[in-house]
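For reference, the structure I am asking about is given below.
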Amino acid sequence: AVVSTQSTGVTNLRIIWHSTTLPRINLSVGFSTVINISTRGVESKLRGNTEALYILTRCNNTRFEFIFTNLVPDTPRLFTSVLAVQRAYETSKLYRDLKLRGALIANKTLRLLPLEEVYDKINGVWNLSSDQGNLGTFYITNVRLVWHAEINESFNVSIPYIQMRAVKIRDSKFGTALVVESLRNAGGYVLGFRIDPVERLQEVMKEIQSLYRVYSANPIFGVQYKVEDKMEPIEQVTGSYEEDDIEITGGDSQPSSDAFAAYYADGNKAEDGEPVFCEKLGLAIESIKEGFTLESLWEVTGI
């Protein structure tokens, strides 16, 4: 891989890279597309042994792998920041994803997320997803709507505002109902709830619509990461660098997750590799990719 002079940034939602000489050459990698992130040792002709960041992604059923090396000496913070923010993103999905039958309730109380506040709790709300309906409790927060059944707390739904397509009142076979429609990428659900009397139902709808507008103006994505030390401005650490040719170093110390990523990225290949005889197994196997060993492939099963 050839690494050119570059600038890389990390936000709470994505990784941004662009060439400092040609800004129109750029890349935006959303954390929602990331399959695996790892660091690996590489051998640089200019700098010797150094560290590289490998990002395996999937978008529209196509897999991509991006490799980044840091051209600024003694500044490994970028790689650690990417890994930390990605972990924060993965552990905060309830802020952004519609969830059915999750661990949302404990002792008949909503498990609050960090930064979440309950604005209203409504008892006696009917979920109209079945023929007879289910009686439960409604929570309205600054991040989402949560409903759970009174009899079975595990029968529940969490609907973040970010996944809502529409909130309105509609007639149903159960009478006038509050209808919440989710976006297509959240499953395209149409969820109905009945709240008596109708005046209270209208108040709840207005409250939800008001909170939705507030959320849309200042969304809470839930990704929290604190930079321990103040980083120097990019202008102070950016210099003029030559293009750097790097080669991936092999060896038994290579993480098994890298083997998984390499074979996973090649999952749509048209045909298998040439068979070779393996003396250790006494069997004919597909030829192993360059840079990997039979032992490292066995370790993949432990991931």
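Roughly speaking, what is the centre-to-centre gap between region 84-116 and region 12-71 when only Cα atoms are used, to the nearest Å?
Result: 28 Å between the Cα centres.
Further, regarding this structure: Mind checking which lysines have their Cα closer than 24 Å to the Cα of Lys226? Skip sequence neighbours fewer than 8 apart in that chain.
Hits, sequence-local ones excluded: Lys93.
Using alpha carbon centroids, what distance separates region 186-226 and region 125-184, in Å?
After rounding, the separation between the Cα centres reads 10 Å.
We did not get these values from a lab; they are worked out from the coordinates using the rules stated. Quick caveat: nothing in here was measured; it's all calculated off a predicted structure.
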